[in-house]
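> Structure below; questions to follow.
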Amino acid sequence: MAPMALSASAAILPFKRISGGSKLFNSSSKTFGVGAHFSSLRTCRGSGLGIVGLASTGSSNGGFVDLSEAGTPPRTYAWPDNKKPRVCILGGGFGGLYTALRLESLVWPDHKRPQVLLIDQSERFVFKPMLYELLSKEVDTWEIAPRFSDLLANTAVQFFKDRVKLLHPSDHLGMNGQMASSCGGTVLLESGLLIEYDWLVLALGAESKLDVVPGAADFALPFSTLEDACKVDQKLNALERRKFGKDSMICVTVVGCGYAGVELAATVSERLGDRGMVQAINVDTTICPTAPSGNREAALKVLSSRKVQLFLGYFVRCIRRVGDFEPSVKPTESGGVQDVAAEHDSEKYTLELQPAVKGLESQILEADLVLWTVGSKPLLPPLEPCNKPHELPLNARGQAETDETLRVKGHPRIFAVGDSAALRDSNGRLLPATAQVAFQQADFAGWNLWAAINDRPLLPFRFQNLGEMMSLGRNDAAISPSFIEGLTLEGPIGHSARKIAYLLRLPTDEHRLKVGVSWLAKSAIDSVALLQSTLTKVVSGS
């Protein structure tokens, strides 16, 4: 789920594509260090400050990389202009991409217009609130997961597909708030590319947390990325082919009944229809406990109509594959034995449910597919040097603590947005990790980067809840706008309103236009098909 948010438009500027060629790298970069451990020393622009080290995650040599094991030393990325500010954005989700586009839309003095480098491990931006429509075949991949190269083609933002390995901030080395160097720090990528930055934006998002329950990491499929959605779709396709024409039904179990779990259960149950059943488990005694009552009631009505079995007030104790813990054989009528794993599909799983409230009994469920929507963990990179693990202030979830301007505490050159940031509202509550929050934070982060670079006052971030939306199927959704208390749009009206709202929040004008035309064409085709079906029924009935 990702409620409505602020949008950003991109300016029309030349796009410089980054390739893997040597032009990216500074041929004059130097490496130093011989001794017990190898260390690379890179001098920041305009100072004599050295950035020590190439710490390796999981290394046993004190955090330094041994060249005999690591191979070649890192290569330093050569920024196009050594005089203009260098902004490095880690992560191309809602927070990262929209921050980059916000920076593009602002008016800059020529000598202060920053060079922006966006880094993400994927080649595609993913509009995650609409991943469910991939399962229902309502949208195509390119519509909700366009390539960064296409989105940034008319901008000056440079994109690099890579993974972040290590982060070395140096902006905390100043005294009394003054910077000891114009360099904010360095980022080491898995490809061996070392990037110096003046300003850094942490927007790496989060990944599903599957290690909280035994068996979840081995047997459950998460649903939070494009790759996850493709895997689930492929698994459903395989089950639909395998069960086609047979009496046995497809059984899918969804763990978690927050927004993600409810949207997933509604979408899968509609797709399976009479061919399958969906079981949904939640530790709370209701679904979507933090949602507006109108959204929750609309969701309950849809789930009930599609015969989704709700197991509320339970937590999953463990997940096992059928045959892994049961007796491998059982008697047959003829006195022989039969392999249990052969009787059941080898892909079947059992879930042991433990009551979370009094009055409930333990349950054991069986499923062909287990989908996991509970828990997440931020993807912040490890710091270097490794002997200072708390150099970046993190909360218990692993998010960077920020002040109200979205700057990481103690690091005036680092901003954090989305899942990477731990920011509290005026009541002291941690802001939720939703797309709506990331949308709005990206707008403020872009502006505050402009203000910091131009020595202007930074704005405190204030979250505005514009409403909450949820998908409930191909022609069903629920929307509760915050500006009209008690109003909930549901059914086809809610579905259309949700699609329009998300269309307006797609990253660029060009992409919005292409997707809008595509959706309009699909809607026209569906309308014609519905009219033909209706006329056929009328003619056959007469």
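> Within region 367-407, work out how many residues are in a strand (DSSP E or B) and either out of contact with any Leu (no Cβ under 8 Å at 6 or more places or on another chain) or modelled with pLDDT under 90 (or both).
Residues meeting the conditions: 5.
> Could you say which residue among Pro507, Pro457 is in contact with a helix residue (DSSP H, G or I) (Cβ under 7 Å, 6 or more places away or on another chain), within 30 Å of Gln115 (Cβ to Cβ), open to solvent by 50 Å² or more (accessible area, probe 1.4 Å) and in a loop (DSSP other than H, G, I, E, B)?
Testing whether each residue is in contact with a helix residue (DSSP H, G or I) (Cβ under 7 Å, 6 or more places away or on another chain), within 30 Å of Gln115 (Cβ to Cβ), open to solvent by 50 Å² or more (accessible area, probe 1.4 Å) and in a loop (DSSP other than H, G, I, E, B) leaves just Pro457.
> Oh, and also: For region 128-148, state whether one or more residues are basic (Lys, Arg), within 22 Å of Asp419 (Cα to Cα), buried (at least 17 other Cβ atoms within 10 Å of the Cβ) and modelled with pLDDT under 95.
no
> Out of the residues in region 423-448 that are out of contact with any helix residue (DSSP H, G or I) (no Cβ under 6 Å at 6 or more places or on another chain), farther than 29 Å from Ala299 by Cβ and hydrophobic (A, V, I, L, M, F, W, C), which is least open to solvent (accessible area, probe 1.4 Å)?
Phe444
> Hey, could you check region 90-127 for residues that are more than 15 Å from Asp162 (Cα to Cα) and in a loop (DSSP other than H, G, I, E, B) and say which is least open to solvent (accessible area, probe 1.4 Å)?
Ranking the candidates gives Phe127 first.
> For residues that are outside any helix (DSSP H, G or I), surrounded by fewer than 23 Cβ atoms within 10 Å (Cβ to Cβ) and among the hydrophobic types (A, V, I, L, M, F, W, C), scanning just region 224-276, find the one that is farthest from the chain's Cα centre (by Cα).
Phe244
So that you can scan it fast, the table gives a plain yes or no per residue for (1) part of a helix (DSSP H, G or I); (2) open to solvent by 30 Å² or more (accessible area, probe 1.4 Å); (3) under 27 Å from Gly93 (Cα atoms):
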{"position": "Arg462", "(1), (2), (3)": "no, yes, yes"}
{"position": "Ala478", "(1), (2), (3)": "no, no, yes"}
{"position": "Gly486", "(1), (2), (3)": "no, yes, no"}
{"position": "Ala524", "(1), (2), (3)": "yes, yes, no"}
{"position": "Ala529", "(1), (2), (3)": "yes, yes, no"}
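The values are calculated or read from the model by the stated rules, or taken from the named source; none is laboratory data. Because the structure is predicted, anything quoted here is derived from the model rather than measured. Using ideal geometry, Cβ is built from the backbone for each residue, glycine included, and neighbour counts are taken over all protein chains shown. Side chains included, ligands, DNA and RNA excluded: accessible areas come from the protein's heavy atoms. Shrake-Rupley method; radii C 1.70, N 1.55, O 1.52, S 1.80 Å.
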